[in-house]
1. Between a first residue in the range 55-79 that is under 30 Å from Arg110 (Cβ atoms) and a second residue that is part of a helix (DSSP H, G or I), which pairs have beta carbons less than 7 Å apart while being 6 or more apart in sequence or on different chains?
2. Taking strands (runs of 3 or more DSSP E) that fall entirely within the range 104-176, which contain at least 1 residues that are at pLDDT 90 or above and more than 30 Å from Ser75 (Cβ to Cβ)?
3. I'd like the full set of residues that are closer than 13 Å to Val106 by Cβ, of a type in the set (A, V, I, L, M, F, W, C) and exposed (fewer than 14 other Cβ atoms within 10 Å of the Cβ), limited to the range 80-91.
4. When Leu139 is evaluated against the numbered criteria (1) free of Cβ contacts under 8 Å to residues at least 24 places away in the same chain; (2) touching a strand residue (DSSP E or B) at 6+ places or on another chain (Cβ under 8 Å), which criterion, by number, is the only one it fails?
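The values are calculated or read from the model by the stated rules, or taken from the named source; none is laboratory data. Here the structure is a predicted model, which means the values were calculated and not measured. Here the Cβ positions follow ideal geometry from the backbone for every residue, glycine too, while neighbour counts run over all protein chains shown.
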Amino acid sequence: MPDQDQDQEQPVSAETAAPPASDETITLPIAEFEATRAQVVEWKERCMRQQAEFENVRKRLRKDADEARSRGIASFVRPILDQLDNLERALATATPETFNEFAQGVTMIRESLRATLSAAGIEQIACEGVFDPSVHEVLAEEVREGATKGSIVLTHRSGWKLKDQLIRSAQVVVAK
């Protein structure tokens, strides 16, 4: 049986041989086995390095996103803090004798705050006309002379949106 010995000593290539069944054995020359083992070790190390690099990139991106968010919030809040200072100064100087000037100053601060919000893309939701359930929240219904059913007759709280995203719905009273 010289053919059997010849078959066992010939190297089996992965491209031409079918995968062995669980109880079959494959005979490979030691050099080829060691080369394959070295390749497996190399690929395993590459895979581990790539995973570590991926984790580092993920952590760096998360950190960069957090820093960008913080910078964005800080740049948005800075002008609001100026308006808060203005409110504190107005309250510190308020007396019954200077009520008209106080009311005028607070009105100016409110308008300045609205301008700051508008510059950031935050807009107030209109509360005139017909009730819109996507941006208005009904607190109550009232019978009002001259008002059509479903129209907004009173606003309790303003609603705000950032572009198309609702930040806070407006709370309204509608006509019955």
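1. Pro79/Thr116
2. Hits in the range 104-176: 136-142, 152-157, 170-175.
3. Kept after step one, since they are closer than 13 Å to Val106 by Cβ, are these residues of the range 80-91: 83-84, 86-91.
Those left that are additionally of a type in the set (A, V, I, L, M, F, W, C): 84, 87, 90-91.
Correct list: Leu84, Leu91.
4. Here Leu139 clears every test but (1).
Each row is one residue, and each column tells you yes or no for (1) part of a helix (DSSP H, G or I); (2) modelled with pLDDT of 90 or more; (3) closer than 23 Å to Lys161 by Cα.
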{"residue": "Pro11", "(1), (2), (3)": "no, no, no"}
{"residue": "Pro19", "(1), (2), (3)": "no, no, no"}
{"residue": "Glu32", "(1), (2), (3)": "yes, yes, no"}
{"residue": "Glu42", "(1), (2), (3)": "yes, yes, no"}
{"residue": "Glu45", "(1), (2), (3)": "yes, yes, no"}
{"residue": "Glu55", "(1), (2), (3)": "yes, yes, no"}
{"residue": "Arg71", "(1), (2), (3)": "yes, no, yes"}
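Residues are listed down the side, and each one gets a yes or a no for (1) touching a Cys at 6+ places or on another chain (Cβ under 9 Å); (2) acidic (Asp, Glu); (3) within 30 Å of Trp160 (Cα to Cα); (4) assigned by TED's automatic domain parsing to the domain that holds Gly159:
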{"residue": "Gln50", "(1), (2), (3), (4)": "no, no, no, no"}
{"residue": "Glu97", "(1), (2), (3), (4)": "no, yes, no, no"}
{"residue": "Val106", "(1), (2), (3), (4)": "no, no, yes, no"}
{"residue": "Arg110", "(1), (2), (3), (4)": "no, no, yes, no"}
